[in-house]
1. Show me the ranking of peptides 32-38, 44-50 by mean Cβ neighbours inside 10 Å, starting with the highest.
2. At a 1.4 Å probe, what is the % contribution of carbon and sulfur to the accessible area of the stretch 7-54?
3. Once phi is turned into ³J(HN,Hα) by the Karplus curve 6.51 cos²θ - 1.76 cosθ + 1.60 with θ = phi - 60°, what whole-Hz value does each residue of the stretch 112-124 show in order, with x for glycine and proline?
Amino acid sequence: MEARDSELEKELNATLQARSELGPEYESALIDSFLEKVDRRLDETLDRRVRRHLAEQQITVAREARAPQDPLANFGERFGFGIISLVLAIPLSAIGVANAGIEGLTVAWLGIVGVNVAQVVRSRPLFRRSERRAKSDWEG
């Protein structure tokens, strides 16, 4: 920001020098020209700040959109996975019993339970971000 201030200071010095050379009859034109440059500089700074603020808002919205807010948002996926694992449990249990007896059945069901637990852990984050809500003046 100091570089911009030095540029503005150079512009002011040039305007004052031009006023002393041209005389007071050009004073209003010189002041208008200088004020236009200041106005342009302020507009550029304000535009840059607004763009930065909008970009920060878009990033925040994008991050919030990625995390499912509704706990029932992936209910269909979980329900379908559970049904498929139960349907596949029948032939896996038969294969396990036929090949290794009760130990094979135990291994098959431990695998089925393990896959279902992994699915639940994958679909539910351990730490959910608490909703940040601004307190209103009416709340105590």
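The values are calculated or read from the model by the stated rules, or taken from the named source; none is laboratory data. As the structure is a prediction and not an experimental result, all values here were calculated from the model. Note that we place each Cβ from the backbone using ideal geometry, even for glycine, and neighbour counts take in every protein chain shown. In case anyone asks, the SASA skips ligands and DNA or RNA and just uses the protein heavy atoms, side chains included. Shrake-Rupley method; radii C 1.70, N 1.55, O 1.52, S 1.80 Å.
1. On the way: 32-38: 12.4, 44-50: 10.4.
Ranked from most to least packed, the peptides come out as 32-38, 44-50.
2. Numbers: 2140 of 3960 Å².
Roughly 54 percent, rounded to a whole number.
3. 5, 5, x, 5, 5, 5, 4, 5, 5, 5, 5, 8, 10
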